[in-house]
Amino acid sequence: MDEAMFKKRSAKNTRRSSVHLNEERDMQRVDESVRQLVHEVIDGNMFKYAFQPIVDARTGEIYAYEALMRTNTQPMLSPLAVLKYATLDKKLYDIERATLNNVFAILKKKKDELEDKKIFINSIPGYHLDETDFAKLKRRYKDLFDRVVIEITEQTEMEDEGVAVLKRRSSDVGFEVAIDDFGSGYSNTSSLLRFLPHYVKIDRMLITGIHEDTKRQHFVKNIIDFAHDNGFMALAEGVETSEELT
């Protein structure tokens, strides 16, 4: 290779390296800006909630609502982005505390509008409120706990101490418990036996296209039979077609 060709290729590689470096820096700036926005959302309690109906398949009537976390920002942050940076910066407890207080406040304000429907609230495993914060929540909303269902998503297995706290508080103040995303992660039969929940929410991964998959049909039927035999109510997530419903 002659010297001129070598210099030409070296210059080309240098430009490519410069472009890649600039792209990485741009990505880092974006990440840091999102991270800072997540901090502002959490510290300023800039959350809002969409109430998604849970429908009784037998009657078509609304049985309950699930409170889904959203952010009151422009642009709107996805819940996954919020949880990602909250995890990195050790702010998951702040989200847990804000979510419970916010949803209870909405329930109190819109008690008549929501009628007698249950409100499902997602909880973060391993980040249950400490005794001081839970006592404050109890004093403010003690008459509303029987309207609430705390959902536990077991992407990581909850420690026995956390299970004991959940059961004790459920018995004490009257909220119910649901296992979310059942059939994924650590959510299995042993989870049901540990938690003894009131509801089992079957993961949408098992529901989507279930009418075309006999193996999943048998698996879901077994979950439903187990739930009914043990006094749980089974709920299916993400039913979008009449075929999936039947």
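Looking at the stretch 101-116, is at least one residue acidic (Asp, Glu) and in contact with a helix residue (DSSP H, G or I) (Cβ under 7 Å, 6 or more places away or on another chain)? Spell out the reasoning first.
Of the residues in the stretch 101-116, the ones acidic (Asp, Glu) are 112-113, 115-116.
Applying the additional criterion that residues be in contact with a helix residue (DSSP H, G or I) (Cβ under 7 Å, 6 or more places away or on another chain) yields none.
So far as the stretch 101-116 goes, no, none of its residues is acidic (Asp, Glu) and in contact with a helix residue (DSSP H, G or I) (Cβ under 7 Å, 6 or more places away or on another chain).
Quick one: in the stretch 120-154, of everything that is assigned to a strand (DSSP E or B) and closer than 16 Å to Ala98 by Cα, which residue is farthest from the chain's Cα centre (by Cα)? It would help to see each step written out before you state the result.
Narrowing the stretch 120-154 to residues assigned to a strand (DSSP E or B): 120-123, 148-153.
When the remaining residues are screened for being closer than 16 Å to Ala98 by Cα, the result is 120-123, 148, 150-151.
Working: Phe120: 11, Ile121: 9, Asn122: 5, Ser123: 7, Val148: 16, Ile150: 11, Glu151: 8 Å.
Top of the filtered list is Val148.
Which condition number in (1) open to solvent by less than 60 Å² (accessible area, probe 1.4 Å); (2) modelled with pLDDT under 95; (3) of a type in the set (Asp, Glu) is the one that Asp94 fails?
Result: Asp94 fails condition (2) only.
Among the residues of the stretch 30-63, which ones are in contact (Cβ under 8 Å) with a residue 40 or more places away in the chain, of a type outside the set (A, V, I, L, M) and over 21 Å from Pro75 (Cα atoms)?
Once the filter is applied, which keeps residues that are in contact (Cβ under 8 Å) with a residue 40 or more places away in the chain, of a type outside the set (A, V, I, L, M) and over 21 Å from Pro75 (Cα atoms), the stretch 30-63 yields only Tyr63.
Output the residue which, of all residues in the stretch 44-88 that are under 18 Å from Gly238 (Cβ atoms) and of a type in the set (Ser, Thr, Tyr), is farthest from the chain's Cα centre (by Cα).
Tyr63
Within the stretch 225-246, count every residue that is surrounded by fewer than 16 Cβ atoms within 10 Å (Cβ to Cβ), at pLDDT 80 or above and farther than 25 Å from Gly162 by Cβ.
Qualifying residue count, the stretch 225-246: 3.
Restricted to the stretch 47-67, and to residues that are more than 23 Å from Leu92 (Cα to Cα), of a type in the set (A, V, I, L, M, F, W, C) and open to solvent by 30 Å² or more (accessible area, probe 1.4 Å), which residue is modelled with the lowest pLDDT?
Here the residue is Ala57.
Go through Leu80, Leu88, Leu68 for me and flag whichever is without any contact (Cβ under 8 Å) to a residue 12 or more places away in the chain and aliphatic (A, V, I, L, M). Lay out the reasoning, then the answer.
On the way: Leu88 fails: without any contact (Cβ under 8 Å) to a residue 12 or more places away in the chain; Leu68 fails: without any contact (Cβ under 8 Å) to a residue 12 or more places away in the chain.
Answer to the selection: Leu80.
Cβ-Cβ below 9 Å, separation at least six or inter-chain, first residue in the stretch 96-120 and within 16 Å of Phe47 (Cβ to Cβ) and in contact (Cβ under 8 Å) with a residue 24 or more places away in the chain, second assigned to a helix (DSSP H, G or I) and among the β-branched types (Val, Ile, Thr): which pairs?
Ala98/Ile42; Ile119/Val103; Ile119/Ile106
Working only within the stretch 199-218, note down all residues that are free of Cβ contacts under 8 Å to residues at least 40 places away in the same chain and either outside any helix (DSSP H, G or I) or under 28 Å from Ile119 (Cα atoms) (or both). Walk me through how you get there before you give the answer.
The first filter runs over the stretch 199-218 and keeps only residues free of Cβ contacts under 8 Å to residues at least 40 places away in the same chain, leaving 200, 202-218.
The answer is Val200, Ile202, Asp203, Arg204, Met205, Leu206, Ile207, Thr208, Gly209, Ile210, Asp213.
Any residue at all in the stretch 175-197 that's more than 20 Å from Phe120 (Cα to Cα), among the aliphatic types (A, V, I, L, M) and either open to solvent by 80 Å² or more (accessible area, probe 1.4 Å) or at pLDDT below 85 (or both)?
Scanning the stretch 175-197, I find at least one residue that is more than 20 Å from Phe120 (Cα to Cα), among the aliphatic types (A, V, I, L, M) and either open to solvent by 80 Å² or more (accessible area, probe 1.4 Å) or at pLDDT below 85 (or both), so the answer is yes.
Can you tell me which of Asn13, Asn72 is over 30 Å from Lys109 (Cβ atoms) and at pLDDT below 95?
Asn13
Pick from Asp116, Asp130, Asp143: which is within 22 Å of Lys90 (Cβ to Cβ) and open to solvent by 30 Å² or more (accessible area, probe 1.4 Å)?
Numbers: Asp116 fails: within 22 Å of Lys90 (Cβ to Cβ); Asp143 fails: within 22 Å of Lys90 (Cβ to Cβ).
Being within 22 Å of Lys90 (Cβ to Cβ) and open to solvent by 30 Å² or more (accessible area, probe 1.4 Å) holds for just one of Asp116, Asp130, Asp143, which is Asp130.
The values are calculated or read from the model by the stated rules, or taken from the named source; none is laboratory data. In this text, all values refer to a predicted model and were calculated from it rather than measured experimentally. Every residue, glycine as well, gets a Cβ built from its backbone with ideal geometry; the counts of neighbours run over all protein chains shown. Please note that ligands, DNA and RNA were not included when accessible areas were found on the heavy atoms of the full protein model with its side chains. Shrake-Rupley method; radii C 1.70, N 1.55, O 1.52, S 1.80 Å.
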